[in-house]
1. Could you figure out which of (1) within 16 Å of ligand 2 (Cβ to nearest atom); (2) in a loop (DSSP other than H, G, I, E, B) isn't true of Leu432?
2. Could you go through segment 291-299 and let me know if any residue there is aliphatic (A, V, I, L, M) and crowded, with 20+ Cβ neighbours inside 10 Å.
3. Please verify whether Ala307 is surrounded by fewer than 23 Cβ atoms within 10 Å (Cβ to Cβ), away from ligand 1 (no atom under 16 Å from the Cβ) and not in a loop (DSSP other than H, G, I, E, B), treating the condition exactly as stated.
4. Can we say Phe439 is outside any loop (DSSP other than H, G, I, E, B), in contact (Cβ under 8 Å) with a residue 12 or more places away in the chain, aromatic (Phe, Trp, Tyr) and within 16 Å of ligand 2 (Cβ to nearest atom)?
5. Scan segment 473-495 and give yes if some residue there is among the aliphatic types (A, V, I, L, M), within 16 Å of ligand 1 (Cβ to nearest atom), more than 30 Å from Lys284 (Cα to Cα) and not in a helix (DSSP H, G or I), otherwise no.
6. Across segment 135-160, which residue is nearest to Ala176 (Cα to Cα) among those that are part of a helix (DSSP H, G or I) and open to solvent by less than 10 Å² (accessible area, probe 1.4 Å)?
7. Can you tell me which condition Trp425 does not meet? The list is (1) more than 16 Å from ligand 1 (Cβ to nearest atom); (2) assigned to a loop (DSSP other than H, G, I, E, B), and all the others hold.
8. Does segment 91-114 hold any residues that are among the β-branched types (Val, Ile, Thr), buried (at least 24 other Cβ atoms within 10 Å of the Cβ) and under 18 Å from Cys74 (Cα atoms), and which are they?
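The values are calculated or read from the model by the stated rules, or taken from the named source; none is laboratory data. Model, not experiment: these values are computed from the prediction. Here Cβ is always computed from backbone atoms with ideal geometry, including for glycine, and neighbour counts include all displayed protein chains. Just the protein is used for accessible areas: all its heavy atoms, side chains included, with ligands, DNA and RNA removed. Shrake-Rupley method; radii C 1.70, N 1.55, O 1.52, S 1.80 Å.
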Amino acid sequence: MNGAQALMQTLVDAGVEVCFTNPGTSEMHFVAALDSAPRMRAVLCLFEGVATGAADGYARMAGKPAATLLHLGCGLGNGLANLHNARKGKVPVVNIVGDHATYHVPLDAQLQSDIETVARNVSPGFVRTSRSTAELCRDAVEAVQAAKGPPGQVATLILPADVSWGEGGAPEPAPAIAKPVAAADADVQAIADAIRSGGRTAILLGGGALRDSALQTAARIAAHSGVKLLTETFPARLSRGAGAPAVERLAYLAEMASLQLRNFDRLVLVDAKAPVSFFAYPGKKSYLVPETCAVHELSSPEQDAAASLRKLAMALGADNAPPAPAPASRPPAPRGKKLTAEKVCKAIGHLLPEEAIVVDEAITSGLMLSKYTAGAPRHDLLTLTGGAIGQGLPNAVGAAIACPDRPVLALIGDGSSMYTIQALWTMAREKLNVTTIIFNNASYSVLNVELERVGADKIGPKARAQLDLKGPTLNFAQLAEGMGVPAARASDPQGFTAALERALRTPGPHLIEAMTPPTLSGLRLRLLPHILGSLDKMPQPLAQMLKRKIAP
Ligand SMILES: Cc1ncc(C[n+]2csc(CCOP(=O)(O)OP(=O)(O)O)c2C)c(N)n1
Ligand SMILES: [Mg+2]
């Protein structure tokens, strides 16, 4: 066997069975070795950001890593933003990055660059350049082991061309994966005592605590002990819908998150970080936990969140308390003449199929999504963990490959979609059951909100022009058709609902371009910073009512 063939076998033996590729010359032996490994599915992506985002989406749903195949430092660099999203979501990914042959490196040829430096930003826990064919498979096993954690992380294995083509490759057996342990008895007891001592407690759930069984246990604790359940703002994967415990997500807007955290005496973290605002704003706080609120960590990302919650439930005597599930309910089909982002969200709630996977990168257009889907059939929600846009379409590719029997809905802002629009081609080629909805509001709408919020003065036409997508207006239906995805454009509620119904009924990928005005514009946009700025001075019920109206 050569190195590449042995590597391929090692990867599949370790459970890495999908590789999202964008190869070049230095990866040709790895590409050739694909045919020696029937268990390895290879999926060509036409931009590295699609490959890395697909690997992220795949692992979120499969619960195990895929590999990426990337071309030297430049290819890895192109894929960085979605590896960043994976890193922030603690999602396992194994990058295989081809490099020049070891003896070619000192010659500083055109594509020579410092790959390890590029990799370190997204895979701080594991970056290795394999030095010889004999060592390659051991390196690969360690990369898979590092990726799987716990917690999951991005691991990067750099594969010099001569290590890949060299003879004498020796496959390695699958690595042992450490089992996470539950929180220590004493820590659980201390938190149970604190909860029982009175005052108001919120439990902030993140990462592994957002899956069904952990959520059910958290809901038992909430029902029994009167604690409030919150989730992190951008979960990698959240189980929700009718029958799942209803938990409130922390808002993106810091002022609203502060409102949600106001009045709590203690915050218990379960695989979550104490909340900080997404950005700093002049005169606003960055750390959002109130000064009077004590923070306890029940379970760290290295630990078993579900088992830690079970221990806490036992300690509180809540293990048999009935959790309060979200009741089943669907909104009616949207009506009227004009299509809005809110009506699109309503139509989604109206039609969402059983066991759907919803990828939400709708940005401002998705503000009403959680309200309209709260009682829809059970689904998983994948969100923008690291804030680097261009994640949604690739995530949908990966999720559909991980779960071929589940319908995937990708809800994407027009601006966000253009970072990785090539994902549509992979959806068509692989015949994936993905329904993509693009909110065409011809704007980086959220940045208009941010422009108001940061307090920049004298906003002129040159500044505004950086935030709108007018000029040529993008035509996403045509873009999709050009990549082999059947598409429709909808500008009224009935047309949109009919197109969605059709897309969900017909196998294979579909795209619906929803022609919608920006959700926040005109007077609403100008008022928003003032409303946000005064939330902390308003009585709680009024502030909560306003939050529900703007971002339920
Ligand atoms: C990689 C990356 N580049 C740029 C940004 C800054 N950014 C955040 S949102 C956004 C525009 C989103 O526009 P769109 O998807 O159309 O959503 P809308 O705001 O219109 O709802 C941009 C450019 C980012 N978050 N990540
Ligand atoms: Mg937009």
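1. So Leu432 meets the others, but not (1).
2. Our first condition is that a residue be aliphatic (A, V, I, L, M); within segment 291-299, this holds for 294-295, 298.
Cutting the leftovers down to crowded, with 20+ Cβ neighbours inside 10 Å gives us 298.
Yes, because at least one residue in segment 291-299 is aliphatic (A, V, I, L, M) and crowded, with 20+ Cβ neighbours inside 10 Å.
3. Working: surrounded by fewer than 23 Cβ atoms within 10 Å (Cβ to Cβ): yes; away from ligand 1 (no atom under 16 Å from the Cβ): yes; not in a loop (DSSP other than H, G, I, E, B): yes.
Judged against the criteria, Ala307 is a match.
4. Working: outside any loop (DSSP other than H, G, I, E, B): yes; in contact (Cβ under 8 Å) with a residue 12 or more places away in the chain: yes; aromatic (Phe, Trp, Tyr): yes; within 16 Å of ligand 2 (Cβ to nearest atom): yes.
Criteria met by Phe439.
5. yes
6. Residues of segment 135-160 that are part of a helix (DSSP H, G or I), as a first pass: 135-148.
So of that shortlist, the ones also open to solvent by less than 10 Å² (accessible area, probe 1.4 Å) come out as 136-137, 140, 143-144, 147.
Working: Leu136: 18, Cys137: 15, Ala140: 13, Ala143: 12, Val144: 10, Ala147: 12 Å.
Filtering first and then ranking leaves Val144.
7. (2)
8. Here is the first cut: in segment 91-114, the residues among the β-branched types (Val, Ile, Thr) are 91, 93-94, 96-97, 102, 105.
From what is left, the residues that are buried (at least 24 other Cβ atoms within 10 Å of the Cβ) are 91, 93-94, 96-97.
Residues satisfying the conditions are Val94, Ile96, Val97.
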